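The values are calculated or read from the model by the stated rules, or taken from the named source; none is laboratory data. Bear in mind the structure is a predicted one, so any value in this text is a computation, not a measurement. A quick note on method: Cβ atoms are made from the backbone with ideal geometry, for glycine too, and the neighbour counts reach across all protein chains shown. To get the accessible areas, we keep the full protein, side chains included, count just its heavy atoms, and leave off ligands, DNA and RNA. Shrake-Rupley method; radii C 1.70, N 1.55, O 1.52, S 1.80 Å.
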Amino acid sequence: MKKHIPNLITLLNVLSGCIAVVFAVRNQMELAALFVFLGIFFDYFDGMAARLLHVKSELGLQLDSLADMITSGLVPGIVMFQLLSMSVTGGWNHEGMLGGSEDWFASVLPFAGFLITMASAYRLAKFNIDENQVSSFVGVPTPANALLILSLPLILIYHANDYLNSIILNTWFLLGITMLSSYLLNSSLKLFALKFENWSFRDNSLRYIFIIVSFVLLLTLKFLAIPAILLFYLAASLIADTTSKTA
């Protein structure tokens, strides 16, 4: 029975992703983000459960990537579609993904957001056949990228001001974020993983520092903290990797 527990948690990630898709299509971004966060929570704890119960399996690995494809691949693609649509039409589209504009450019351009979904699929496929990504990642993990994309509509909702709105709703900014995130997902950057083999501070000092800094940023900046946390994650990983090479 215990060997099915991690897979059940992974299936809760699948369910969370499916619900998030529905809300993202309806442009209910707060609820979409809520279920993405919930899915990422399940994504973290399914692996932890598998390690604690000593029931890691090939099935679990494949199922985990399929779940991530929905929650952290498809949903951010839809969210970017909606943001790009908003940037060219000037407002939230509450009529569904294809409703609204008669302008062909405004209708076609938003589909560029699904480059994120395509890049996520490619990254997850590579991850499944790469035996080196155990204690670290090569390229930005799909959940981290999903959080970055989901933070954009949340910043619009909860930190609304003319300056931030003009940046986030700029079509070229959104296309730039789409291209950059797609690249980072499949880059050769070596990034540390938040996987604890033990609770020793000495062995996990970078992870503990990252968690503390992230917590402080979330308390002070709220949703604006998410892009800052990702930048800190990239910088800390690069410094740690450079230090390990020169040591």
Notebook entry, point to check: Any residue at all in the stretch 212-231 that is open to solvent by less than 80 Å² (accessible area, probe 1.4 Å), touching a His at 6+ places or on another chain (Cβ under 8 Å) and either modelled with pLDDT of 90 or more or polar (S, T, N, Q) (or both)?
Noted result: yes
Next item on the list: For LEU206, indicate whether it is touching a residue at least 24 places away in the same chain (Cβ under 8 Å), out of contact with any Gly (no Cβ under 9 Å at 6 or more places or on another chain) and either assigned to a helix (DSSP H, G or I) or open to solvent by less than 30 Å² (accessible area, probe 1.4 Å) (or both).
Entry: yes
Notebook entry, point to check: Here are some residues: SER200, SER182. Which one is modelled with pLDDT under 95 and either open to solvent by 30 Å² or more (accessible area, probe 1.4 Å) or in a helix (DSSP H, G or I) (or both)?
Noted result: SER200
Next item on the list: Would you tally the residues in the stretch 110-160 being among the hydrophobic types (A, V, I, L, M, F, W, C), farther than 24 Å from LEU238 by Cβ, open to solvent by 30 Å² or more (accessible area, probe 1.4 Å) and at pLDDT 90 or above?
Entry: 7
Notebook entry, point to check: Pick from LYS190, LYS126, LYS195: which is over 25 Å from GLY39 (Cβ atoms) and in contact (Cβ under 8 Å) with a residue 24 or more places away in the chain?
Noted result: LYS190
Item checked: Selection from the stretch 188-234 of residues that are of a type in the set (Phe, Trp, Tyr) and within 30 Å of LEU164 (Cα to Cα) -> PHE210, PHE215, PHE223, PHE232, TYR233
Margin query: So LEU164 ticks every box in (1) open to solvent by less than 60 Å² (accessible area, probe 1.4 Å); (2) touching a strand residue (DSSP E or B) at 6+ places or on another chain (Cβ under 8 Å) but one. Which box is left unticked?
Written below: (2)
Check: What number of residues within the stretch 30-82 are under 13 Å from the mean Cα position of the chain (by Cα) and not small (Gly, Ala, Ser)?
Finding: 19
Notebook entry, point to check: Counting only residues that are among the hydrophobic types (A, V, I, L, M, F, W, C) and under 11 Å from ILE9 (Cα atoms), how many does the stretch 41-57 have?
Noted result: 6
Check: ALA106 versus (1) open to solvent by 60 Å² or more (accessible area, probe 1.4 Å); (2) in a helix (DSSP H, G or I); (3) modelled with pLDDT under 75: which is the lone unmet condition?
Finding: (1)
Margin query: So, in the stretch 141-160, exactly how many residues are under 14 Å from the mean Cα position of the chain (by Cα) and among the β-branched types (Val, Ile, Thr)?
Written below: 2
